[in-house]
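Data block below; observations after.
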Amino acid sequence: MNVQILKNAIASPRQTALQILARRCPKWLFRNYVRLARKQGLIQPSLILSFDCDTDRDAETAPQVTEQLIRIDICPVFAVPGTNLERNAAIYREVASKGCEFINHGYLPHAYWDEGNARFESCTFYHEMSPEQVAEDIRRGHETLVGILGRTPGGFRCPHFGTFQRRDQLRFLHATLRDLGYRYSSSTTPSYGFLHGPLNQTRSMIIEIPVSGCFDAPLNVLDSWAFFSGRKEHSTPQDYRDQMMKVVDYYAAGKFPALLNFYADPSHVAGRSEFFDAMCYASERIHIWQSFQEMLDFNG
Ligand SMILES: [Zn+2]
């Protein structure tokens with residue numbers, strides 16, 4: 001576990017209480033989430049899928065994966081760092097032409113190729129940067145997206161998850177986004193959703209939309225890195241499919257209002273039947289939003 005995440009968890013009594021609840025009484029967490037979701041205007045179980053594209057391999061696989069998803073009525077949202085957008089402009093323009101929403105994902109790269117280990121490693125962590133550097137990265141990400149795609153993004157996602165979650169960090173982030181005229185952010189972990197609901201209007205009026213977790217470990221993000229990259233021994237693609245189905249089943253069976261906000265990396269899921277089976281399963285049972293904007297227009 002990243003040391004910073006661990007430090008944050010220890011520093012926050014709320015986080016510790018959530019961890020205990022998630023282990024001992026997960027149903028309470030789900031019920032509380034549903035109560036908040038209803039209060040925030042959601043009326044049905046629903047899902048939105050987004051792609052974080054941190055490497056050129058993500059760019060290479062993005063068009064094919066998008067096409068496959070559109071065939072099952074899922075239009076993914078894209079979060080691409082500005083440096084990657086610049087390098088793969090033609091690919092992302094093509095993806096945008098299919099109707100996919102793009103959100104600002106900052107400018108600096110989020111991954112680099114580590115020759116020694118022959119794999120990608122993460123870089124650019126906002127908690128290691130000064131507030132001025134963070135604001136500058138957000139602004140440059142915005143300008144690059146506008147320059148390359150000719151669109152003004154309405155939302156933002158932080159690099160990585162879990163390291164920029166403290167209250168003061170989120171306040172700074174949301175105030176910066178408000179000044180850019182943004183409407184929403186999707187930068188927080190499942191814990192945030194259990195505490196504040198799926199569509200929390202913050203004091204900056206930015207709506208924070210946390211990502212969703214596993215069914216059996218509700219505070220753990222259900223993402224492609226954990227289940228498809230082979231980096232976590234006990235998390236397999238089959239587990240991903242099973243967890244997705246369990247989450248969908250829970251909300252569909254009760255017709256509970258919910259926003260399942262899942263993200264993946266295209267290169268992890270390209271050609272993986274477990275991923276497409278899981279998406280197909282969701283698409284047949286619960287409502288799918290085609291963009292964050294569409295979802296907010298409906299629920300706003
Ligand atoms: Zn990223």
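We did not get these values from a lab; they are worked out from the coordinates using the rules stated. Just so it is clear, the model here is predicted, and its values are computed rather than measured. A quick note on method: Cβ atoms are made from the backbone with ideal geometry, for glycine too, and the neighbour counts reach across all protein chains shown.
Structure summary
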{"read-out": "Unmet requirement for ARG71, which otherwise passes all of (1) away from the ligand (no atom under 14 Å from the Cβ); (2) under 22 Å from SER46 (Cα atoms); (3) within 21 Å of the chain's Cα centre (by Cα)", "value": "(3)"}
{"read-out": "Some residue of region 75-89 being away from the ligand (no atom under 16 Å from the Cβ) and assigned to a helix (DSSP H, G or I)", "value": "yes"}
{"read-out": "Which numbered condition VAL146 misses (of (1) β-branched (Val, Ile, Thr); (2) farther than 23 Å from VAL211 by Cα; (3) within 15 Å of the ligand (Cβ to nearest atom))", "value": "(3)"}
{"read-out": "Every residue from region 264-300 that is part of a helix (DSSP H, G or I) and in contact with an Asp or Glu (Cβ under 7 Å, 6 or more places away or on another chain)", "value": "PRO266, SER267, SER283, PHE292, GLN293"}
{"read-out": "Pairs with Cβ under 9 Å, 6+ apart, first in region 67-82 and within 16 Å of ILE148 (Cα to Cα) and of a type in the set (Val, Ile, Thr), second within 16 Å of the ligand (Cβ to nearest atom) and assigned to a loop (DSSP other than H, G, I, E, B)", "value": "VAL80/CYS53; VAL80/ASP54; VAL80/ASN88; VAL80/HIS105"}
{"read-out": "Residue among THR176, THR163, THR144 that alone is closer than 30 Å to ARG31 by Cα and β-branched (Val, Ile, Thr)", "value": "THR163"}
{"read-out": "Total residues in region 90-99, condition part of a helix (DSSP H, G or I) and either touching a Ser or Thr at 6+ places or on another chain (Cβ under 6 Å) or without any contact (Cβ under 8 Å) to a residue 40 or more places away in the chain (or both)", "value": "5"}
{"read-out": "Every residue from region 37-55 that is within 16 Å of the ligand (Cβ to nearest atom) and either in a loop (DSSP other than H, G, I, E, B) or over 19 Å from the mean Cα position of the chain (by Cα) (or both)", "value": "CYS53, ASP54, THR55"}
{"read-out": "Scan of region 151-172 for residues that are under 17 Å from the mean Cα position of the chain (by Cα) and away from the ligand (no atom under 15 Å from the Cβ), ordered by number", "value": "GLY154, GLN165, LEU170"}
{"read-out": "Entirely in region 190-263, the helices (runs of 4 or more DSSP H) that have 3 or more residues that are within 18 Å of HIS287 (Cα to Cα) and in contact with a helix residue (DSSP H, G or I) (Cβ under 8 Å, 6 or more places away or on another chain)", "value": "237-254"}
{"read-out": "For ILE138: the one exception among (1) within 16 Å of the ligand (Cβ to nearest atom); (2) within 19 Å of PHE292 (Cα to Cα); (3) in a loop (DSSP other than H, G, I, E, B)", "value": "(3)"}
{"read-out": "Single residue of region 90-107 satisfying the filter (surrounded by fewer than 17 Cβ atoms within 10 Å (Cβ to Cβ) and within 24 Å of LEU180 (Cα to Cα)) that is farthest from the ligand (Cβ to nearest atom)", "value": "GLY99"}
{"read-out": "Candidates THR55, THR66, THR144, THR124 - the one that is closer than 21 Å to ASN261 by Cβ and polar (S, T, N, Q)", "value": "THR66"}
{"read-out": "Subset of region 187-220 (residues that are surrounded by fewer than 21 Cβ atoms within 10 Å (Cβ to Cβ) and over 18 Å from ARG167 (Cβ atoms))", "value": "PHE215, ASP216, ALA217, ASN220"}
{"read-out": "Yes/no for SER186 being within 15 Å of the ligand (Cβ to nearest atom), touching a helix residue (DSSP H, G or I) at 6+ places or on another chain (Cβ under 8 Å) and small (Gly, Ala, Ser)", "value": "yes"}
{"read-out": "Sole residue being of a type outside the set (A, V, I, L, M) and more than 16 Å from the ligand (Cβ to nearest atom), chosen from GLU115, GLU128", "value": "GLU115"}
